[in-house]
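Peer 1: Okay, handing you the structure first.
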Amino acid sequence: MISIKNIHKKFGKLHVLKGIDAHIAEKEVVVIIGPSGSGKSTLLRCINYLEEPTEGEIIVDGIPLTSEANINKVREEVGMVFQRFNLFPHKSVLDNVKLAPMTVRKMPKAEAEKIALDLLEKVGLADKAHAYPEQLSGGQQQRVAIARALAMRPKVMLFDEPTSALDPEMVKEVLDVMKSLAHEGMTMAIVTHEMGFAREVGDRVLFMDEGRLVEEGTPDEIFSHAKEERTQSFLSKIL
Amino acid sequence: MNFDFDLIVRSFPLLLVGAGVTVQITAFSVSLGMLIGMFVGIARLSNTWIIKTLAAVYVDFIRGTPLLVQIFLIYFALPIIVGQRIDPFIAAITACSINSGAYVAEIFRGGIQSIDKGQMEAGRSLGMTWGQTMRHIILPQAFKRIIPPLGNEFIAMMKDSSLVSVIGFEELTRRGQLIIARTYGSFEIWLSVAFIYLIMTFTISRLVDYLERRYKIDDKH
Ligand SMILES: Nc1ncnc2c1ncn2[C@@H]1O[C@H](COP(=O)(O)OP(=O)(O)O)[C@@H](O)[C@H]1O
Ligand SMILES: [Mg+2]
């Protein structure tokens, strides 16, 4: 579904990604872990071209990311959920969710609204359709953000530390929504520090450090039998 | 000194006509200026070098030269190029709009830049184009924030519009001059003129306060 070939990313002199090769299969849930500043967000943002790789190739669902047209095409197929939600504060919850289907897919309003309401139902927020983002808790906002991304019917979902900005008691409600997505067979790439979740839901775990992919494997291979010393030392600090 | 209150009463209707013209020219200029300013403000944030540079040159030129000189350029210099006299009203509005546009452009640019970068990224990540995100996400939020500086620009323009009196355009200041030429009531008339400007600018600033409050409440729902 996604193939990442020899991706390099530099911000000026700062060499953030130093040749990443990875592959995400259809319906696979890949969890990316690693210390802060190791380039996890940058990698995720390269997949939908919020950052342009300095070098390398990314192919999403058979579409190579080269022309502007392709980039927009891919973005329609790849949903992204941000650490800080990034809901549109001037729009109601319902309008947040239905905006992209209407403007990008040119979907009629009634249809977009129906899809939006179904998705809000799914994330447990049907009763908040007419509320505004600032009236919601962090966990609720993040669930709206997930519904908003799903409204485009993406083939892949990217999550960049979706629970890091949340109060502890709200983490579970967001992880539960992600879990149910995984069970429905959504292809997902998730950057997270929730190791319990990674173990339970992840098909594969990638460990990144200093812009490189250090080690990858099943959750069990990584969490219980890590081969690389850097992986072990990182895990010993957080587990 | 002899204070001729009766002169004020007699001149007031004529001054009010002038004030009406001042309001007109200000409203026209700021409206056109907003339109120009919105596009130029966005252009200044463009990734295309030529668009960005042209916008910057325009803003720098206007902000770096006096409005009075800009009025002269349009009223006296431009006719030499186009080979035709320009109507004072057209010249006044053109000069003031072009002037206002540059200041409004900076206001828009600041407003757009004050919106969290995550908003553009969220829009783009949903597949919306840059333009669609600008229109549906960024500009509506930016607009609320720039109401106060836009209000200030409106007030500044209203006061600066007195400069078009130099090309004989009969707005409030010019009316005052003409009445004084006839009556020699310098003190009474300038006082009245100042008073009328004050009432107008005060009214606008109240109006802007009201709009700002209403949008703030709107925000909360
Ligand atoms: N837009 C940017 N400009 C400059 N440096 C950046 C930018 N984005 C990220 N970086 C730098 O790249 C490195 C990796 O960042 P990031 O991908 O966010 O790491 P992680 O998500 O793993 O914490 C950091 O050193 C960060 O400061
Ligand atoms: Mg990050």
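The values are calculated or read from the model by the stated rules, or taken from the named source; none is laboratory data. Here the structure is a predicted model, which means the values were calculated and not measured. All Cβ positions, glycine included, derive from the backbone under ideal geometry; neighbour counts span all protein chains shown. Ligands, DNA and RNA are stripped out before the accessible areas are found, and what is left, the full protein with its side chains, is counted by its heavy atoms. Shrake-Rupley method; radii C 1.70, N 1.55, O 1.52, S 1.80 Å.
Peer 1: Residues in the range A:118-127: is at least one assigned to a helix (DSSP H, G or I), open to solvent by 60 Å² or more (accessible area, probe 1.4 Å) and in contact (Cβ under 8 Å) with a residue 24 or more places away in the chain?
Peer 2: Yes, that holds for at least one residue.
Peer 1: Can you say whether B:T203 is surrounded by 14 or more Cβ atoms within 10 Å (Cβ to Cβ) and part of a helix (DSSP H, G or I), as far as the supplied structure shows?
Peer 2: The answer is no for B:T203.
Peer 1: In addition: Considering only residues of the range A:26-50 that are at positive phi and more than 13 Å from ligand 2 (Cβ to nearest atom), which is surrounded by the most Cβ atoms within 10 Å (Cβ to Cβ)?
Peer 2: Once the filter is applied, the top-ranked residue is A:Y49.
Peer 1: Of all residues in the range A:10-20, which are touching a residue at least 60 places away in the same chain (Cβ under 8 Å) and within 13 Å of ligand 1 (Cβ to nearest atom)?
Peer 2: Hits for the range A:10-20 are A:H15, A:V16, A:L17, A:K18, A:I20.
Peer 1: Right, here's the next one. Would you point out the residue of the range A:82-114, among those that are part of a helix (DSSP H, G or I) and under 21 Å from the mean Cα position of the chain (by Cα), that is farthest from A:M157 (Cα to Cα)?
Peer 2: Result: A:V93.
Peer 1: Does A:R84 satisfy the criteria of being at the interface with chain B (Cβ under 10 Å from one of its Cβ atoms), open to solvent by less than 40 Å² (accessible area, probe 1.4 Å), closer than 30 Å to B:K144 by Cβ and within 16 Å of ligand 2 (Cβ to nearest atom)?
Peer 2: Here the answer is no, as A:R84 does not meet what is asked.
Peer 1: Another question, then. Being touching a helix residue (DSSP H, G or I) at 6+ places or on another chain (Cβ under 8 Å), within 10 Å of another protein chain (Cβ to nearest Cβ) and not charged (D, E, K, R) is the requirement here; does A:V29 meet it?
Peer 2: It is false that A:V29 is touching a helix residue (DSSP H, G or I) at 6+ places or on another chain (Cβ under 8 Å), within 10 Å of another protein chain (Cβ to nearest Cβ) and not charged (D, E, K, R).
Peer 1: Does A:H183 fit the bill of being away from chain B (no Cβ under 14 Å), within 19 Å of the chain's Cα centre (by Cα) and within 16 Å of ligand 1 (Cβ to nearest atom)?
Peer 2: It is false that A:H183 is away from chain B (no Cβ under 14 Å), within 19 Å of the chain's Cα centre (by Cα) and within 16 Å of ligand 1 (Cβ to nearest atom).
Peer 1: Please name all residue pairs, on different chains or six or more residues apart, with Cβ atoms under 8 Å, provided the first residue is in the range B:7-25 and is part of a helix (DSSP H, G or I) and the second residue is open to solvent by 60 Å² or more (accessible area, probe 1.4 Å).
Peer 2: That search, which allows pairs on different chains as well, returns B:I8/B:L191; B:G18/B:E170; B:G18/B:R174; B:V21/B:E170.
Peer 1: Condition test on B:I86, is it modelled with pLDDT under 95 and among the hydrophobic types (A, V, I, L, M, F, W, C)?
Peer 2: Answer is yes for this residue.
Peer 1: Looking at A:E194, A:E134, A:E161 in this structure, which one is within 26 Å of A:L44 (Cα to Cα), within 14 Å of chain B (Cβ to nearest Cβ) and not β-branched (V, I, T)?
Peer 2: The conditions single out A:E161.
Residue by residue, here is whether (1) of a type in the set (A, V, I, L, M, F, W, C); (2) buried (at least 18 other Cβ atoms within 10 Å of the Cβ) holds:
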site: B:G118; (1), (2): no, no
site: B:H136; (1), (2): no, yes
site: B:Q141; (1), (2): no, yes
site: B:I146; (1), (2): yes, yes
site: B:E170; (1), (2): no, yes
site: B:I179; (1), (2): yes, yes
site: B:G185; (1), (2): no, yes
site: B:W190; (1), (2): yes, no
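Peer 1: Okay, next question. Please verify whether the range A:38-61 includes one or more residues that are touching a residue at least 24 places away in the same chain (Cβ under 8 Å), away from every other protein chain (no Cβ under 14 Å), among the basic types (K, R) and within 16 Å of ligand 1 (Cβ to nearest atom).
Peer 2: yes
Peer 1: With respect to A:H23, is the statement that it is open to solvent by 60 Å² or more (accessible area, probe 1.4 Å), outside any loop (DSSP other than H, G, I, E, B), more than 14 Å from ligand 1 (Cβ to nearest atom) and away from every other protein chain (no Cβ under 13 Å) true?
Peer 2: Answer is yes for this residue.
Peer 1: Now for a separate question. Restrict the check to the range A:145-156 and report whether at least one residue is away from ligand 1 (no atom under 16 Å from the Cβ), touching a Ser or Thr at 6+ places or on another chain (Cβ under 8 Å) and more than 26 Å from A:D176 (Cβ to Cβ).
Peer 2: No - not one qualifying residue is present in the range A:145-156.
Peer 1: Quick test of your reading of the structure: B:F169 fulfils all but one of (1) modelled with pLDDT of 95 or more; (2) away from every other protein chain (no Cβ under 14 Å); (3) part of a loop (DSSP other than H, G, I, E, B). Name the failing condition by number.
Peer 2: (1)
Peer 1: For B:N2, all conditions in the list (1) modelled with pLDDT under 95; (2) open to solvent by 80 Å² or more (accessible area, probe 1.4 Å); (3) part of a helix (DSSP H, G or I) hold save one; what is the number of the exception?
Peer 2: (3)
Peer 1: Let me ask another. Please work out if A:N72 is open to solvent by less than 10 Å² (accessible area, probe 1.4 Å), at the interface with chain B (Cβ under 10 Å from one of its Cβ atoms) and either of a type outside the set (F, W, Y) or away from ligand 2 (no atom under 16 Å from the Cβ) (or both).
Peer 2: Considered against the rule, which asks whether it is open to solvent by less than 10 Å² (accessible area, probe 1.4 Å), at the interface with chain B (Cβ under 10 Å from one of its Cβ atoms) and either of a type outside the set (F, W, Y) or away from ligand 2 (no atom under 16 Å from the Cβ) (or both), A:N72 comes out as no.
Peer 1: Check whether at least one residue in the range A:192-200 is open to solvent by 30 Å² or more (accessible area, probe 1.4 Å) and under 30 Å from A:V104 (Cα atoms), and report yes or no.
Peer 2: Looking through the range A:192-200, none of the residues is open to solvent by 30 Å² or more (accessible area, probe 1.4 Å) and under 30 Å from A:V104 (Cα atoms).
Peer 1: Cβ-Cβ below 8 Å, separation at least six or inter-chain, first residue in the range B:126-149 and within 18 Å of A:R75 (Cα to Cα), second among the polar types (S, T, N, Q) and modelled with pLDDT of 95 or more: which pairs?
Peer 2: B:M128/A:T103; B:Q132/A:T103; B:T133/B:Q119; B:H136/A:T103; B:I137/B:Q119
Peer 1: Another question about this same structure. Could you list, in sequence order, the residues of the range B:87-137 that are more than 9 Å from every other protein chain (Cβ to nearest Cβ), part of a helix (DSSP H, G or I) and among the acidic types (D, E)?
Peer 2: Within the range B:87-137, just B:E106 meets the criteria.
Peer 1: May I ask you to list the residues in the range B:157-182 that are of a type in the set (A, V, I, L, M) and under 16 Å from B:I93 (Cβ atoms)?
Peer 2: B:M157, B:M158, B:L163, B:V164, B:V166, B:I167, B:L172
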